[in-house]
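The values are calculated or read from the model by the stated rules, or taken from the named source; none is laboratory data. Not measured: the values here are computed from a predicted model. Here the Cβ positions follow ideal geometry from the backbone for every residue, glycine too, while neighbour counts run over all protein chains shown. Quick note on the areas: whole protein, heavy atoms, side chains included, nothing else; ligands and nucleic acids left out. Shrake-Rupley method; radii C 1.70, N 1.55, O 1.52, S 1.80 Å.
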Amino acid sequence: MSSFRTLDDADLAGKRVLVRVDLNVPMEDGKVSDLTRLERIVPTLTDIADCGGKVIILAHFGRPKGVDPSQSLKAVVPALADVLKRPVAFAADCIGDVAARAVDAIKPGEILVLENTRFHKGEEKNEPDFVKALAANGDIFVADAFSAAHRAHASTEGLGHVLPAYAGRTMQAELDALTRALEKPERPVVAVVGGAKVSTKLDLLGNLSKKVDFLVIGGGMANTFLAAEGKPVGKSLCEHDLVDTARAIVAEAAQNGCRIVLPVDVVCAKDFKAHAPHRVCGIDDVATDEMILDIGPKSVEHVVSVLGRAKTLVWNGPFGAFELEPFDNGTVSVAEAAAELTQAGHLVSVAGGGDTVAALNQAGAAERFTYVSTAGGAFLEWLEGKPLPGVDVLRT
């Protein structure tokens, strides 16, 4: 983390600290239904409060077009107060007199949530006047929403140019994990890339093939690579128009000294539904009326043996139709093996992306990985090698 400014570098006592966090949490019947994102920001908020800073929270919720009471952050405040075990105040705007009076009313060490930044069009447009209006209520800016760091918005990037900017604890943990995984990894490095389509992950595959030693391809996208090798894929999800692209990725990986790992056997069914009649077969034996829904036991064994030789794992995307039993078996088996290797101290494992997090939780493996990122788009763009405006503004 030496290339980023963190809370350890900040003088917080008596300061008004604008903290950009991720409060874009799932709601059911007006209440927060998953506390994960709230729990992750607790260390940052308590550190600032305990150092005598005024904690002034900035966040967005949903995708409102202007002021929309149904997208108000007020509904999140009780759950945040519960998680923090401290009172949390709320202001009905994030700029102007309403915000200024609320900031003046709290004492050092107290916590305030300002209303949804996206109620103002200046937020997503990163308008200088809106940045200035936000900055008027702070002395220091702390970025703790890695999940929004790929957006050059006023509260994620703009503030970092007008106030002293630091990474919060969640951001610091994320940057630490990603640096260990891709920037300065212990080798060999294995990347697992799954999911439905090659077309959505071309940049990712291109970047990883330059940085990792083994690129394990799973999910529907593996079918496109198998088709590129002339293997039958039946009625499986497959982008037949991208077989030439798949061949080019394989060739480029070989030039970079990166070995691509594809399934050697698969689980097939005629229907895409849970517990559909299915069979395991070799990759040359898929029938025309069958679809590939998971990797087979020999493929699991092969991937696990690759992980056994690795020091670092980066994972984005499941191996099969993990949401349907028993086609989650490949993902669950590999996740379990990766978790065991991590616990034994043999592997640094970093995973991210919505489907990946769901799959690892389903496997009961997430807590045993080195780091699991809840940031979907930002995690993916980092893996793709793209600059993240909300991260770059924190560099020393």
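Numbers below:
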quantity: Cα-Cα over 29 Å, subset of K132/K210; K31/K54; K210/K298; calculated: K132/K210
quantity: Distance (nanometres) between label positions extended 7 Å along Cα→Cβ at E325 and E183; calculated: 4.3 nm
quantity: Within region 116-272: Cβ-based charge dipole about Cα centre, in debye rounded to nearest 20 (Lys, Arg +1; Asp, Glu -1); calculated: 260 debye
quantity: Computed magnitude of the charge dipole of the chain (debye, nearest 20; Cβ of K, R +1, Cβ of D, E -1); calculated: 600 debye
quantity: D244-D34 FRET efficiency (beta carbon distance; Förster radius 41 Å; 0.05 resolution); calculated: 0.50
quantity: Mean residue ellipticity (222 nm) of the chain, computed from DSSP H runs ≥ 4 via -39,500 (n - 2.57), nearest 500; calculated: -10000 deg cm²/dmol
quantity: Solvent-accessible area, 1.4 Å probe, carbon plus sulfur percent, for region 101-256; calculated: 49 percent
quantity: For region 75-100 versus region 130-164, the gap between their alpha-carbon centres in whole angstrom; calculated: 18 Å
quantity: Bins of 10 Å, starting at 0 and running to the largest distance - Cα pair percent for region 138-178; calculated: 33, 54, 13
quantity: Region 181-329: proportion of alpha-carbon pairs further apart than 23 angstrom, %; calculated: 32 percent
quantity: Percent RCO, i.e. relative contact order, over region 207-366, from Cα pairs under 8 Å lying at least 6 residues apart; calculated: 21 percent
quantity: Proximal aspartates and glutamates to K201, defined as alpha-carbon separation beneath 12 angstrom and excluding residues fewer than eight positions away on the same chain; calculated: E381, E384
quantity: Part-to-part distance (alpha-carbon centres) for region 253-297 and region 165-224, which is given in Å; calculated: 22 Å
quantity: Estimated distance in nm for a label pair at K107 and D9, the labels positioned 7 Å out from Cα along Cα-to-Cβ; calculated: 3.3 nm
quantity: Read-out P(r) over Cα pairs in 20 Å bins from 0, in percent, derived from the coordinates shown; its label in (i) 27, 49, 23, 1; (ii) 21, 33, 22, 22, 3; (iii) 29, 63, 8; calculated: (i)
quantity: Simple spin-label estimate for S199 and D97 in nanometres, 7 Å along Cα-Cβ; calculated: 5.3 nm
quantity: GNM top mover of A338, A181, A89 - the chain, alpha-carbon springs below 10 Å; calculated: A89
quantity: Per principal axis, descending, Cα span of region 334-384 in whole Å; calculated: 30, 21, 15
quantity: Candidates G160, G109, G219: whichever shows maximal mean-square fluctuation once the chain is modelled as a Gaussian network with Cα springs under 10 Å; calculated: G109
quantity: Gain on full stretching of the segment that runs from R86 to K273 - 0.36 nm per residue minus C-alpha separation; calculated: 62.7 nm
quantity: Contact order relative to length of region 186-231, as percent, for alpha carbon pairs under 8 angstrom and 6 or more apart; calculated: 50 percent
quantity: Three principal axis lengths of region 172-229 [C-alpha, angstrom, descending]; calculated: 39, 21, 15
quantity: Relative packing of 200-213, 273-286, which averages over residues the other C-beta atoms within 10 Å, highest first; calculated: 200-213, 273-286
quantity: Antiparallel bridge percentage (DSSP; both residues within the chain; nearest 5); calculated: 25 percent
quantity: Alpha-carbon Rg/Rh ratio, for region 184-271, with Rh computed the Kirkwood way; calculated: 0.97
quantity: Efficiency of FRET between V67 and A358 - r from beta-carbon atoms, R0 25 angstrom, step 0.05; calculated: 0.15
